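Peer 1: Got a structure for you, written out below as C-alpha cells; questions coming shortly.
The values are calculated or read from the model by the stated rules, or taken from the named source; none is laboratory data. In this text, all values refer to a predicted model and were calculated from it rather than measured experimentally. All Cβ positions, even for glycine, are placed from backbone atoms using ideal geometry, and neighbour counts span all protein chains on display.
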Amino acid sequence: MLLSFVVPVYNNASAFAECVSSVRVLLDDGVAEVVAVDDGSDEPLRFEAKGVRVIRIGHSGAAVARNVAIGAAEGDFVWPLDADDVIVTDGIGSLLNTLRAMPEKACFFHIGNMLTQERPGAMPPATLPDEVATAQGAPMQRLYPRSSIIDHTTNIIRRSWLASESELRYPAEMSLLEDTVFALKVCERAELCLYNDTFHFYCRRTYHPSATAGAWSSERSSRFVDDICRFFRFLGEYADCHSEYDNVRQLSARLRYVYRRVAMVKGCPWSDLVRMLDVVGRPRCPILFYRFTAFVCRLLRPKR
C-alpha cells in the first residue's frame with residue numbers, strides 16, 4: 001500500500017465522513033488507507049468502509065491520537081490530515097506517481113502550494129506539477145513566513161524513516177501548536193526531501209464548530225497559554241539553530257505577531273496575557289490598548 005492518511009477524530013464524525021468521501025477513489029483502488037483514531041468522542045465513532053480503520057482511545061488530545069495513528073499505519077508514506085479536511089483530488093495521480101518514484105533515501109515530499117479553501121463554493125481544478133525539484137539537506141529555505149510548510153497536512157512522510165526517528169512525534173503534552181512543532185522538526189531532520197512549489201493542491205477545511213471557537217474559558221486559556229509558551233521557547237531555540245536563514249527569523253516574527261493577536265481575541269485573562277507576553281514578547285500597540293481589547297473580547301464572545 002502506498003499511502004496512509006492518519007486522522008484524529010473527536011466529536012466531528014460528520015466532518016470525518018466528508019474527509020473519507022473525498023479520498024474514496026484511492027481507498028477503493030487499494031492505493032491508500034485511512035487510519036482514524038477516535039480520541040474518546042462522546043459518541044463512539046462508527047465507520048465501516050473499505051480502506052478505513054478506526055481505533056478508539058480515551059480522550060488524550062490530538063497529539064496522542066496522531067501518534068497512535070502513525071504507529072498503526074501500513075502505507076509506505078503517511079499523510080497527516082485533520083478530520084475536517086476535504087481533499088480535492090484533481091491531479092492526485094501525478095502526486096502518487098511522484099511518491100512511487102521517490103528515491104528510498106528521500107524522507108518526505110512537501111506539497112509546496114497547497115491552497116486552503118475556507119468557505120464553501122466551487123474551486124478551480126488543482127494544476128498538475130511541473131517537474132519535481134530535488135533538495136538535499138534540510139529544506140530550511142522553503143520555510144516562507146506565509147507558506148503552509150509549517151502545517152503538517154502539507155508534508156507526506158516516508159513511514160520507514162519516521163519509524164527510525166522515534167523522537168519525531170507530536171508532543172503529547174501539548175494541545176495547541178503540536179502540529180507546527182512536529183512539522184518544523186520533520187523539516188529540520190530531513191536529509192533529502194522532494195518539494196514542488198508549482199503543485200497546486202486543494203485542501204478545504206470545512207470548519208465544523210470546534211472546542212477553540214469563541215473566547216477561551218479561564219481553564220482553557222491557562223492550558224493553551226502554557227502550550228503557547230512551550231511553543232515559543234521551542235521556536236526561539238529553533239531560530240537560534242538556524243540563524244543563518246532570514247526566512248526562519250521572518251517566520252518567528254510572523255508567528256509571534258499571530259499568537260499575540262490570538263491571545264487577545266480569545267480574551268485571555270490578564271494574568272495569562274502577562275505570562276505569555278513575557279515569553280513571546282510585547283506587542284507594538286500600547287499595552288493598555290492590548291489589555292482593554294482582550295477584556296472586551298472576553299466580555300462579548302461566548303466562552304468555550
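Peer 1: Take residues that are within 21 Å of the chain's Cα centre (by Cα) and in the same structural domain as residue 187 (by TED's automatic domain parsing) and tell me which of the helices (runs of 4 or more DSSP H) falling wholly in the range 15-117 contain 3 or more.
Peer 2: On the way: elements: 24-28, 62-72, 92-101.
Of the helices (runs of 4 or more DSSP H) lying wholly inside the range 15-117, those with at least 3 residues that are within 21 Å of the chain's Cα centre (by Cα) and in the same structural domain as residue 187 (by TED's automatic domain parsing) span 62-72, 92-101.
Peer 1: Also, quick follow-up: Hey, could you check the range 183-197 for residues that are more than 17 Å from the chain's Cα centre (by Cα) and among the charged types (D, E, K, R) and say which is nearest to residue 141 (Cα to Cα)?
Peer 2: 197
Peer 1: Given the conditions (1) modelled with pLDDT of 90 or more; (2) over 19 Å from residue 152 (Cβ atoms), and given that residue 101 satisfies all but one, which numbered condition is not satisfied?
Peer 2: Going through (1) modelled with pLDDT of 90 or more; (2) over 19 Å from residue 152 (Cβ atoms) one by one, residue 101 breaks only (1).
Peer 1: Still on this structure: Restricted to the range 43-67, and to residues that are β-branched (Val, Ile, Thr) and surrounded by fewer than 20 Cβ atoms within 10 Å (Cβ to Cβ), which residue is farthest from residue 173 (Cα to Cα)?
Peer 2: Filtering first and then ranking leaves 52.
Let's see how each residue does on (1) in a helix (DSSP H, G or I); (2) surrounded by fewer than 18 Cβ atoms within 10 Å (Cβ to Cβ):
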residue: 244; (1), (2): no, yes
residue: 251; (1), (2): yes, no
residue: 257; (1), (2): yes, yes
residue: 264; (1), (2): yes, no
residue: 268; (1), (2): no, no
residue: 276; (1), (2): yes, no
residue: 288; (1), (2): yes, yes
residue: 294; (1), (2): yes, no
